[in-house]
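The values are calculated or read from the model by the stated rules, or taken from the named source; none is laboratory data. Everything numeric here is computed off the predicted structure, so don't read it as measured data. Ideal geometry is used to build each Cβ from the backbone, glycine not excepted, and the neighbour counts take in all protein chains shown.
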Amino acid sequence: MLDNILNFIAADVRRKRFPFWFDLLKNRILPTLYPAVCTVLRLGVTQASEQAVGSALPPVGMVLNNPGFRPECPPEIQAVMVQWLTRCVRVPELCNVLLGDELNTKLVLEIFRQTFTMPVSSADTYGQVSADGLLHIHT
């Protein structure tokens, strides 16, 4: 299902709206997949939840009103995300959005970083990610 959503967002016919769709993804879906980094980057924090806590940043690893995956995104979902991001950074218009500002860059780099910290028990998933080009990005 995630793969279908990601393919919808990056489809050729929606490229002009990619910033909108990526913003929706990073504020509504990614806080569930990557709660710790989204908390630090303040993604997915609603005004109501922010008012309940005050202006103080919640502790790392705690996303308000969103428990998400702990301690990290499952390897199978991680593989889908990284494969999609790898395809997107090969398209200049999409890459400009993904790496065009500091917040997006930090988020994307953290998703890639987590791929390299997947447990050894996820070797098959990791092999699938690298076979799809993560380690061999062609420009």
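Could you grab the pairs with beta carbons closer than 9 Å, sequence gap of 6+ or different chains, first residue in segment 1-17 and surrounded by 12 or more Cβ atoms within 10 Å (Cβ to Cβ), second one at pLDDT 90 or above and outside any helix (DSSP H, G or I)?
A10/V91; R15/V91
Of everything in segment 93-103 that's within 15 Å of the chain's Cα centre (by Cα), in a helix (DSSP H, G or I) and without any contact (Cβ under 8 Å) to a residue 12 or more places away in the chain, which residue is surrounded by the fewest Cβ atoms within 10 Å (Cβ to Cβ)?
It comes out as E102.
Is there a residue in segment 113-130 that is at pLDDT 65 or above, among the β-branched types (V, I, T) and either in a helix (DSSP H, G or I) or surrounded by 15 or more Cβ atoms within 10 Å (Cβ to Cβ) (or both)?
Yes, the conditions are met somewhere in segment 113-130.
Within segment 69-92, is even one residue assigned to a loop (DSSP other than H, G, I, E, B), in contact with a Leu (Cβ under 8 Å, 6 or more places away or on another chain) and at pLDDT below 60? So that I can check it myself, show each step before the final result.
Residues of segment 69-92 assigned to a loop (DSSP other than H, G, I, E, B): 69-74, 90-91.
Subset that is in contact with a Leu (Cβ under 8 Å, 6 or more places away or on another chain): 69, 73.
Now restrict to residues that are at pLDDT below 60: none.
Looking for residues that are assigned to a loop (DSSP other than H, G, I, E, B), in contact with a Leu (Cβ under 8 Å, 6 or more places away or on another chain) and at pLDDT below 60, one finds none in segment 69-92, hence no.
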